[in-house]
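Heads up, the thing below is written out as structure tokens.
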Amino acid sequence: MARYVFITGGVVSSLGKGLASAALGALLQARGFSVRLRKLDPYLNVDPGTMSPFEHGEVFVTDDGAETDLDLGHYERFTGVAARKTDSISSGRIYSNVLEKERRGDYLGKTIQVIPHVTNEIKDFIHIGEDEVDFMLCEIGGTVGDIEGLPFFEAIRQFAHEQPRGQCVFMHLTLLPYLAASGELKTKPTQHSVKELQSIGIAPDILVCRSEHPIPEKEREKLALFCNVRPQSVIAAYDLKSIYDAPLAYHNEGLDQAVLDAFGITPAPRPKLDVWEDVSDRIHNPEGEVKIAIVGKYTQLEDAYKSIAEALTHGGMANRVRVKSEWIDSEIFDREDPAVYLQGFHAILVPGGFGERGTEGKIKAAQFARERNVPYLGICLGMQMAVIEAARNLAGLPDAGSEEFDHEAGKKRFTPVVYHLKEWVQGNHTVARKVGDDKGGTMRLGAYSATLTKGSKVAEIYGTTDIEERHRHRYEVDNRYREKLEKCGLIFSGMSPDGRLPEIVEWKDHPWFIGVQFHPELKSKPFAPAPLFRDFVRAAKEMSRLV
Ligand code: GLN
């Protein structure tokens, strides 16, 4: 059975619990252990799939088609372990399971209550797959003291109590605010937050303290004394230049050692950190810089395209360049000439998105990239817009558009070059959807295979003709326009294995113009960059030498 580390947060939100969990996962791997990371989120949405990226950041999609919290992206990027449906749960999902069971009569005769029914459901979830790994790391979303989080805290308290001694460790992240006037780091909020945890029966073994200033020995001892942890288990977490410094930084502060000590694992296996040393070296010692424009809609919140930003960084690391990306709101191009904004960039990326707003601007960005021979990577909606651009401007379909926008407007205005897919094949079964179906979890979601054309640019980039990438969309490019578009030079170089769904398009006579229906960014890792991002940044680097 796995050993469990429960990661909680206190004092304020946004302390980087996800990152600390991911870094700890990487460090335990570096010591030879297998790990799995999980996120337990107290909000009432069944999953984050229906939340706006403005509110919650990116929706991270797993191979098995779950729409999850973006922290699962961090987990994957740091450990390389593919997350699953069973690695993310919310109060909404827990309650919906409990209520479903109640209706089915599973608890017949009983009064359904938070304790034990909800807490049991949470505990059952935590147990899933525990025989597969050495360590299970479970992060609890939110901050201790939140009303919504209470059932989760109660569940992990019970869980630890039910396991043999030494099987579970609690790690609590807090903030040490700095008072400039007195030049002091204050420990009181952390003390209060630990008290809050203790009042619900959880005694943290490890304190991870975010701080902008070095933590003096005196304060460390004070924290240890008042919070009932060992001084060497008070771990400092300072601000870092790059998130990819986190594994080495946490190691240097003794986090992995403290965790192994808390489990009584002695002697601790020596860590092998060369992967992270290489990652840090590549991040901090670039040999050049490329400028990439990301033309999208959700540009105000950086987290909305988290995986894209990270995948670009990985592509930069592979090419030893710093990627300087600038986010441009595509709606600007409704009013102004894109050339004014886009010239000077070494490549253009149009990411995924939903709804009509901003799409005309994305079409103009695709046109600019095609006509000016600027490297272009279109992801999901970014591919669909590139196809519409080609259909309108070269294939003689001036009314080309997506059914998505017609559905939104409630009337038919476009020739549906991109249409609503209602039935498709996944593995060896057919999936069907109707317009007006539930919004949650009803897209083409998760990993699907694609077959690439031999000799195409993408086949060369991937180094194979069979790939598997993650999807999240309702609409598809209509294969019936293939011939027309290929005549103009837009090659359909990747298709679903049954040959029905276009997965990749590329311009034949263009230095680098590729649109993909899937999200290659989701599988990119600092130590294994997504092939498309690696090569896209390479093309941008080439471009930077030309201009
Ligand atoms: N809105 C488009 C669709 O549903 C694209 C989705 C996306 O970019 N992820 O097909």
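In this structure, is Glu506 touching a Gly at 6+ places or on another chain (Cβ under 8 Å) and not basic (Lys, Arg)? So Glu506 fits the description; yes. Screening Phe354, Phe368, Phe345 for residues that are open to solvent by 10 Å² or more (accessible area, probe 1.4 Å) and either within 16 Å of the ligand (Cβ to nearest atom) or of a type in the set (S, T, N, Q) (or both) leaves exactly one candidate, Phe354. Residues in segment 465-486 that are among the acidic types (Asp, Glu) and open to solvent by 40 Å² or more (accessible area, probe 1.4 Å): Asp466, Glu468, Glu483, Glu486. Taken over segment 119-142, residues that are modelled with pLDDT under 95 and within 21 Å of the chain's Cα centre (by Cα) amount to 2.
Screening the candidates Thr464, Thr451 for the property of being out of contact with any Gly (no Cβ under 6 Å at 6 or more places or on another chain), at pLDDT 95 or above, away from the ligand (no atom under 16 Å from the Cβ) and within 14 Å of Leu501 (Cβ to Cβ) yields one hit, Thr451. Of all residue pairs spaced 6 or more apart or on separate chains, those with beta-carbon atoms under 6 Å, a first member in segment 379-407 that is within 13 Å of Gly489 (Cα to Cα) and a second member that is within 15 Å of the ligand (Cβ to nearest atom) and not aliphatic (A, V, I, L, M) are Ala386/Gly378; Ala386/Gly515.
For (1) of a type in the set (Lys, Arg); (2) more than 23 Å from the chain's Cα centre (by Cα), each residue gets a yes or a no:
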residue	(1), (2)
Leu260	no, yes
Arg270	yes, yes
Asp274	no, yes
Val279	no, no
Asn285	no, yes
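Can we say Arg357 is of a type outside the set (Ser, Thr, Tyr), assigned to a loop (DSSP other than H, G, I, E, B) and within 27 Å of the chain's Cα centre (by Cα)? It is true that Arg357 is of a type outside the set (Ser, Thr, Tyr), assigned to a loop (DSSP other than H, G, I, E, B) and within 27 Å of the chain's Cα centre (by Cα). Restricting Ile308, Ile363 to those that are within 20 Å of Asp535 (Cβ to Cβ), buried (at least 23 other Cβ atoms within 10 Å of the Cβ) and touching a residue at least 12 places away in the same chain (Cβ under 8 Å) reduces the list to Ile308.
When Lys362, Lys306 are checked against the criterion of being within 16 Å of the ligand (Cβ to nearest atom), among the basic types (Lys, Arg) and within 30 Å of Arg480 (Cβ to Cβ), Lys362 stands alone in meeting it. Within segment 178-205, being touching a Lys or Arg at 6+ places or on another chain (Cβ under 9 Å) and either open to solvent by less than 30 Å² (accessible area, probe 1.4 Å) or over 16 Å from Val234 (Cβ atoms) (or both) holds for Tyr178, Leu179, Thr187, Gln191, Ile200, Gly201, Ile202. Among the residues of segment 388-411, those identified as assigned to a helix (DSSP H, G or I), open to solvent by 30 Å² or more (accessible area, probe 1.4 Å) and either among the charged types (D, E, K, R) or more than 20 Å from Glu486 (Cβ to Cβ) (or both) are Arg392, Glu403, His407, Glu408, Ala409. I want to confirm something. Restricting to segment 467-501 and keeping residues that are charged (D, E, K, R) and within 15 Å of the ligand (Cβ to nearest atom), which single residue is farthest from Ser524 (Cα to Cα)? That would be Asp478. Just to check your reading of the model, which residue among Leu28, Leu19 is farther than 25 Å from Gly352 by Cβ, hydrophobic (A, V, I, L, M, F, W, C) and not in a loop (DSSP other than H, G, I, E, B)? Just a single option satisfies the conditions, and that option is Leu28.
Within segment 371-387, count every residue that is assigned to a helix (DSSP H, G or I) and within 16 Å of the ligand (Cβ to nearest atom). Summing the residues that are assigned to a helix (DSSP H, G or I) and within 16 Å of the ligand (Cβ to nearest atom) in segment 371-387 gives 7.
The values are calculated or read from the model by the stated rules, or taken from the named source; none is laboratory data. What you see is a predicted model, and the numbers here were worked out from it, not measured in a lab. Here the Cβ is made from the backbone with ideal geometry for all residues, glycine too, and neighbour counts use every protein chain on show. Quick note on the areas: whole protein, heavy atoms, side chains included, nothing else; ligands and nucleic acids left out. Shrake-Rupley method; radii C 1.70, N 1.55, O 1.52, S 1.80 Å.
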